[in-house]
1. Of the conditions (1) over 30 Å from Asp78 (Cα atoms); (2) assigned to a strand (DSSP E or B), Pro323 fails just one. Which one is it?
2. Looking only at the range 43-88, which residues are at negative phi, within 16 Å of the ligand (Cβ to nearest atom) and charged (D, E, K, R)?
3. Of the residues Leu218, Leu254, which single one is farther than 23 Å from His281 by Cβ and either part of a loop (DSSP other than H, G, I, E, B) or among the aliphatic types (A, V, I, L, M) (or both)?
4. Quick check on my filter: what residues within the range 26-79 are assigned to a strand (DSSP E or B), over 20 Å from the mean Cα position of the chain (by Cα) and not β-branched (Val, Ile, Thr)?
5. What residue, among those in the range 302-328 that are free of Cβ contacts under 8 Å to residues at least 24 places away in the same chain and among the charged types (D, E, K, R), is surrounded by the fewest Cβ atoms within 10 Å (Cβ to Cβ)?
6. What is the residue count in the range 12-59 for residues that are open to solvent by 70 Å² or more (accessible area, probe 1.4 Å) and out of contact with any strand residue (DSSP E or B) (no Cβ under 9 Å at 6 or more places or on another chain)?
7. For the list (1) surrounded by fewer than 21 Cβ atoms within 10 Å (Cβ to Cβ); (2) at pLDDT 95 or above, I need the number of the one condition that Leu135 fails.
8. Can you confirm whether the range 174-191 contains a residue that is in a strand (DSSP E or B) and open to solvent by 20 Å² or more (accessible area, probe 1.4 Å)?
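The values are calculated or read from the model by the stated rules, or taken from the named source; none is laboratory data. Remember, it's a predicted structure, so these values are computed and weren't measured experimentally. Positions of Cβ are generated from backbone atoms using ideal geometry, with glycine treated the same way; all protein chains shown enter the neighbour counts. The area values use the complete protein model at the heavy-atom level, side chains included, leaving out ligands, DNA and RNA. Shrake-Rupley method; radii C 1.70, N 1.55, O 1.52, S 1.80 Å.
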Amino acid sequence: MKISVLRTPHPRVFPNVDELGFGRYFADHMFLMNYDQENGWHDPRVVPYETLGLDPANLTLHYGQTIFEGLKAFRWNDGSVNLFRVNDHVQRFSRSAAHLCIPAFEEDVVLEGIKRLVDVDRNWVPAQRGTALYLRPTLIATDNALGVRPSKTYMMFIICSPVGNYYAKGMAPTRILVEQRYSRAAHGGLGDAKTAANYAASLLAAEEAKRKGFDQVLWLDADTHNYAEEVGTMNIFFVINGVLVTPPLGGTILDGITRRTVLALASEWGIPTQERPISMHEVTQAHADGTLQEVFGSGTAAVISQVGELYYQDRPLVIEEKPGSLRERLYKAITGIQYGEITDTHHWITPVPVATNGNGNGHAKKELAESLGGDVSGGH
Ligand code: COI
């Protein structure tokens, strides 16, 4: 499928790189593709960023038939732009689609769409360590109807946001409330799909925790409220007596791409890893006997986030990480690969080629040269 490109005549001004935050600014272009029963998925295109103009009866707005992804493009020191584990993200996007009764799309078209979009918005990829261009592929139902049923028409869009730290307080250890009342996901539900409902389900607990002075919650299993599942929007890891432990995927937990990366690297380094249920009894016990060495979350947005305190049953469990922690080693290794400072032996990196042929992209090389030497990215 040919992807057409229409460039904006009104490029925006790049924000101050020190004030990027997370998801506050958006690049000049977006990818769009539509689905209807007659034409299937059709008309993949890169166009200027624009509003969508939804009908108030739009099915997504009422019943949440929608999915998304989150992945990053990084600017390397040589000026090139590279995606991290894009194939895994596109595959997970497909699995989420199937779970939400959304018709399958060609993964290669989405992959190509991502590359074209990032190429067109290449000068929106910030260069400073710790920053990236965050991509948000999203897919929504577009039927206008109030009956509860899967839509017959859909729209896929991808927007890009130059980002810095996910948490406003940067890389500081987080204080986490162990959530004993609310649940994020139940067996047989949507917990392993990247869909809006899971994030909607998380809001009230997170807000209540923040009001009490915590950064996020630790989600426990919905059945017994005893086993750790996720931390905020991230997968959770514990280092107990030298073993890296994380809850198993079983339908209620998102199959995180950073989670997979952490498990792969730790195994390669000869660190014992276990994917198994972890009860709060075990965590409390390990804390009491001094074998709870580290707790951290993993996710695309924050990469690795240190947990400094778990507040459980009215008692703080403070986790004092020692120098040379596994968390730090993982953070350095993952970001080192992402920024091209460590050789990618896993085929996790996909370069974004500079288009040289027609289709609206004839200026890409010139634009890259300008963005590297000129005003636009000079301050990133
Ligand atoms: C991530 O950690 O990448 C997430 O899923 C968070 C995102 C929803 C902002």
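1. (2)
2. Taking the range 43-88 and keeping what is at negative phi, we get 44-52, 54-63, 65-78, 80-84, 86-88.
Cutting the leftovers down to within 16 Å of the ligand (Cβ to nearest atom) gives us 66-74, 83-84, 86, 88.
Glu69, Lys72, Asp88 - these are the residues of the range 43-88 that are at negative phi, within 16 Å of the ligand (Cβ to nearest atom) and charged (D, E, K, R).
3. Values: Leu218 fails: farther than 23 Å from His281 by Cβ.
The unique qualifying residue is Leu254.
4. Filtering the range 26-79 down to residues assigned to a strand (DSSP E or B) leaves 29-36, 40-48, 58, 66-68, 71-75.
Subset that is over 20 Å from the mean Cα position of the chain (by Cα): 33-36, 40-48, 58.
Scanning the range 26-79 gives Met33, Asn34, Tyr35, Asp36, Gly40, Trp41, His42, Asp43, Pro44, Arg45, Pro48, Asn58.
5. Only one residue fits best here, namely Asp314.
6. Total satisfying the criteria: 10.
7. (1)
8. Of all residues in the range 174-191, those in a strand (DSSP E or B) come to 174-178.
The next check asks that each one be open to solvent by 20 Å² or more (accessible area, probe 1.4 Å); those that pass are 175, 177.
The answer is yes; a qualifying residue exists.
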